[in-house]
Amino acid sequence: MNELVLRLDPAARRELDDLADATGRLPEDIALDAVLDRLARESSPVRVTAESLAGAHADLLRRLGE
């Protein structure tokens, strides 16, 4: 697994620690869940747009690849 350093201001870190304490989870697990949730929400529309653009410009992309 790759490591990611996340810098939080003191207020955000206190909130994260409080949420972790209240839910019995680790702050790292909450942060990881938040990142994965954001990726899931934003990846789909980006993928749809990329596929649409690739389909609309398939001939040009094919010629560029030659």
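All of the numbers you see were taken from the coordinates with simple rules; none came from a lab. It should be emphasised that the depicted structure is a prediction, and the values quoted were computed from it without experimental measurement. Counting neighbours? That spans all protein chains shown, and the Cβs are built from the backbone with ideal geometry, glycine included.
Based on this model, can you work out whether Leu64 counts as outside any helix (DSSP H, G or I) and either on the phi < 0 side of the Ramachandran plot or not aromatic (Phe, Trp, Tyr) (or both)?
no
Considering only residues that are closer than 28 Å to Ala12 by Cα and loosely packed, with under 10 Cβ neighbours inside 10 Å, which ones fall in the stretch 27-63?
If the condition is that a residue be closer than 28 Å to Ala12 by Cα and loosely packed, with under 10 Cβ neighbours inside 10 Å, then Ala40, Arg41 are the ones that fit.
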